[in-house]
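Q: First the structure, which I've put down as structure tokens, then a few questions once you've had a look.
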């Protein structure tokens, strides 16, 4: 079984986000980057498939050379090889189209991604990819079992969850539950050394054009000063909830 | 230019709050660009409920294949039921899952997580959520066709009182690639992404056995319950309740944070809330800086007192 794990390199969750170039670009100064948390759940689940069911894992990302540390980390955690598609990611459609070409040229049985990236939050690459490949798609996946060419999974839907079944090949977009936070690993020394010898291939992109364009950024409006209410005068809070917030 | 809306229903065929919001959003676009608003819904029990938000036409699809969620089949149904240049979907689990399929079918650009009305329509320009709430990004669409998913609670609903032409349709749909074997629905609970009021608690609660008062407070406010990341990681509450940068992003009218310190990763997912009340024993908790109202005190005393005050208010005001 060949598993393609799509990862995205994103600012660390503790990062403070600022913009530069007249608010036309994200300011990467002083930002440390990590594998997108949703993708890390997917990568970890893929490593279980490797350890328990002999799967072979390829990690892929779309980006310039600056995203290679995340691919090296994926290799150190257990991916067998890595591919970087050498294009600047501009929107979900473009990224998915580049990934779809890679999948079609290879022999993959399963594509695992995170359900969204925590930088641009499009959440659309996995769906686009499944639609382009015409493969079964499970979004918001919180459990996955593979047996031969058949898979079963659980997904979050509006108002609850579902148990679903589907044949491979398929695209899975994972979130917490696919594995738990405590299942996430940091690379071992041996893993890091091994990773240096594993292949990281740079592929030329198709040159897909994006369908959307980022025009500018801003930071959300900050709150004015907090109104403190005495813990013994909660009737005042009730009054605010009624008169100002108007929820009661 | 026609605008097509996906009006989402719950398992009983009643419209979700997002349906009214999506139709209101489409009506706003029609006000800017002209054209009709066509709402498409699957098995709605009272399709006419959408008329007052400005739908010119409501197409109620009755195919039984549509009773179970399938991103590709729902996108196919929406694409075939109505023709339009712009499609409006809620940025819910189901809406966001089907949006790329629809965009590909319609050869349209996709913008997800819109948080405001478009600033222009031809070509479409709109602000969307980015960096999980730490930033706002304005996006311009290339070309005439667009699929847009709108964050629940971001622009709200607006009545504009028009008459609708209501039609029932059925169509030939493909077989879903994914089979639903079983479903577990959280009956009667308000969805955290759509709720007007969200009552959320963190590690300060000390253990899952103390959530009774959080649920009681949320019920009194007709709200939903949520939690911080550590609480869901420790298994005190289900992952589906986790709000924050790596959980759900929400924007209710009122967010009450109880025993949550307010780390930047948590604030990212909730800072779109219109009003924030923070209850914490630590006066230096960073959350107070992002709050509208703050109560410094022992939550095990404050929350029961707040519940008592709310009950008193409900009795006095019916």
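The values are calculated or read from the model by the stated rules, or taken from the named source; none is laboratory data. Everything numeric in this text was worked out from a predicted model, so none of it was measured. Virtual Cβ from ideal backbone geometry, glycine too; neighbours counted across all protein chains shown.
Q: Take residue A:159 and decide whether it is at pLDDT below 95 and crowded, with 18+ Cβ neighbours inside 10 Å.
A: On the way: at pLDDT below 95: yes; crowded, with 18+ Cβ neighbours inside 10 Å: yes.
The answer is yes for residue A:159.
Residue-by-condition table, conditions (1) in a helix (DSSP H, G or I); (2) crowded, with 20+ Cβ neighbours inside 10 Å:
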site: B:12; (1), (2): no, no
site: B:18; (1), (2): yes, yes
site: B:29; (1), (2): yes, yes
site: B:35; (1), (2): no, no
site: B:39; (1), (2): no, yes
site: B:55; (1), (2): no, yes
site: B:60; (1), (2): no, yes
site: B:69; (1), (2): no, yes
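Q: Check A:92, A:70 and return the single one that is crowded, with 22+ Cβ neighbours inside 10 Å, within 13 Å of the chain's Cα centre (by Cα) and without any contact (Cβ under 8 Å) to a residue 40 or more places away in the chain.
A: Criteria check complete, one pass: A:92.
Q: I want to confirm something. Restricting to region B:240-250 and keeping residues that are outside any strand (DSSP E or B) and in contact with a helix residue (DSSP H, G or I) (Cβ under 7 Å, 6 or more places away or on another chain), which single residue is surrounded by the fewest Cβ atoms within 10 Å (Cβ to Cβ)?
A: For region B:240-250, the residue satisfying everything is B:241.
Listed here are the residues, each with its yes/no results for (1) within 22 Å of residue A:214 (Cβ to Cβ); (2) surrounded by fewer than 24 Cβ atoms within 10 Å (Cβ to Cβ).
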residue	(1), (2)
B:100	yes, no
B:115	yes, yes
B:124	yes, no
B:142	yes, yes
B:159	no, yes
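Q: Could you please let me know if residue B:149 is under 19 Å from residue B:17 (Cα atoms), within 12 Å of another protein chain (Cβ to nearest Cβ) and modelled with pLDDT of 95 or more? Write out each step before concluding.
A: Working: under 19 Å from residue B:17 (Cα atoms): yes; within 12 Å of another protein chain (Cβ to nearest Cβ): yes; modelled with pLDDT of 95 or more: yes.
For residue B:149, the condition - under 19 Å from residue B:17 (Cα atoms), within 12 Å of another protein chain (Cβ to nearest Cβ) and modelled with pLDDT of 95 or more - is met.
Q: Could you check how many residues of region B:195-237 are in a loop (DSSP other than H, G, I, E, B), farther than 21 Å from residue B:263 by Cβ and within 9 Å of chain A (Cβ to nearest Cβ)?
A: Narrowing region B:195-237 to residues in a loop (DSSP other than H, G, I, E, B): B:195-196, B:202, B:206-207, B:211, B:221-223, B:228, B:234-237.
From what is left, the residues that are farther than 21 Å from residue B:263 by Cβ are B:195-196, B:221-223.
Remaining after also requiring within 9 Å of chain A (Cβ to nearest Cβ): B:196, B:221-223.
Number of matching residues: 4.
Q: Taking the stated definitions as given, is residue B:168 surrounded by fewer than 17 Cβ atoms within 10 Å (Cβ to Cβ), assigned to a helix (DSSP H, G or I) and over 18 Å from the mean Cα position of the chain (by Cα)? Please lay out each step first, then the result.
A: Working: surrounded by fewer than 17 Cβ atoms within 10 Å (Cβ to Cβ): yes; assigned to a helix (DSSP H, G or I): no; over 18 Å from the mean Cα position of the chain (by Cα): yes.
Here the answer is no, as residue B:168 does not meet what is asked.
Q: Then there is this: Of all the residues that make up region A:163-190, how many are assigned to a helix (DSSP H, G or I) and within 8 Å of chain B (Cβ to nearest Cβ)?
A: 2
Q: With the structure loaded, tell me whether residue B:276 is in contact with a strand residue (DSSP E or B) (Cβ under 7 Å, 6 or more places away or on another chain), at the interface with chain A (Cβ under 8 Å from one of its Cβ atoms) and outside any helix (DSSP H, G or I) or whether it fails that test.
A: It is true that residue B:276 is in contact with a strand residue (DSSP E or B) (Cβ under 7 Å, 6 or more places away or on another chain), at the interface with chain A (Cβ under 8 Å from one of its Cβ atoms) and outside any helix (DSSP H, G or I).
Q: When the residues of region A:192-237 are filtered to those that are buried (at least 17 other Cβ atoms within 10 Å of the Cβ) and in a helix (DSSP H, G or I), which remaining residue is farthest from the other protein chains (Cβ to nearest Cβ)?
A: If we take residues in region A:192-237 being buried (at least 17 other Cβ atoms within 10 Å of the Cβ) and in a helix (DSSP H, G or I), then A:195 is farthest from the other protein chains (Cβ to nearest Cβ).
Q: Here's another thing I want to ask about it. Sort out for me the strands (runs of 3 or more DSSP E) sitting completely within region A:1-107 that have 2 or more residues that are under 25 Å from residue A:177 (Cβ atoms).
A: A:2-6, A:9-11, A:33-35, A:56-62
Q: Could you count how many residues in region A:139-155 are at the interface with chain B (Cβ under 8 Å from one of its Cβ atoms) and either within 16 Å of residue A:43 (Cα to Cα) or modelled with pLDDT under 95 (or both)?
A: 3
Q: Between a residue in region B:178-189 that is more than 7 Å from chain A (Cβ to nearest Cβ) and any residue that is at pLDDT 90 or above, which pairs come within a Cβ distance under 9 Å, given they are 6 or more apart or on different chains?
A: B:187/A:160; B:189/B:224; B:189/B:225
Q: Right, something else. Residue A:28 fails exactly one of the following numbered conditions: (1) in contact with a strand residue (DSSP E or B) (Cβ under 6 Å, 6 or more places away or on another chain); (2) farther than 18 Å from residue B:265 by Cβ; (3) more than 11 Å from every other protein chain (Cβ to nearest Cβ). What is the number of that condition?
A: (1)
Q: Can I ask one more? Based on what the data block shows, is residue B:262 in contact with a helix residue (DSSP H, G or I) (Cβ under 8 Å, 6 or more places away or on another chain) and part of a helix (DSSP H, G or I)?
A: Criteria not met by residue B:262.
Q: Considering region B:93-102 alone, what residues qualify as being within 7 Å of chain A (Cβ to nearest Cβ), touching a helix residue (DSSP H, G or I) at 6+ places or on another chain (Cβ under 9 Å) and under 19 Å from residue B:129 (Cα atoms)? Don't jump to the end; show me each part of the working.
A: Quick first cut of region B:93-102, residues within 7 Å of chain A (Cβ to nearest Cβ) only: B:93-94, B:96-97, B:99-101.
Add one more test, that the residue is touching a helix residue (DSSP H, G or I) at 6+ places or on another chain (Cβ under 9 Å), and what stays is B:94, B:96-97, B:99-101.
Hits for region B:93-102 are B:94, B:96, B:97, B:99, B:100.
Results for (1) surrounded by 19 or more Cβ atoms within 10 Å (Cβ to Cβ); (2) touching a residue at least 40 places away in the same chain (Cβ under 8 Å), shown as yes or no for each residue.
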site	(1), (2)
B:218	yes, no
B:230	no, no
B:238	no, no
B:252	yes, yes
B:296	no, no
B:303	yes, yes
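Q: For the structure I just gave you, tell me whether residue B:306 is closer than 17 Å to residue B:196 by Cα, within 7 Å of chain A (Cβ to nearest Cβ) and either in a helix (DSSP H, G or I) or out of contact with any strand residue (DSSP E or B) (no Cβ under 8 Å at 6 or more places or on another chain) (or both).
A: No: the conditions fail for residue B:306.
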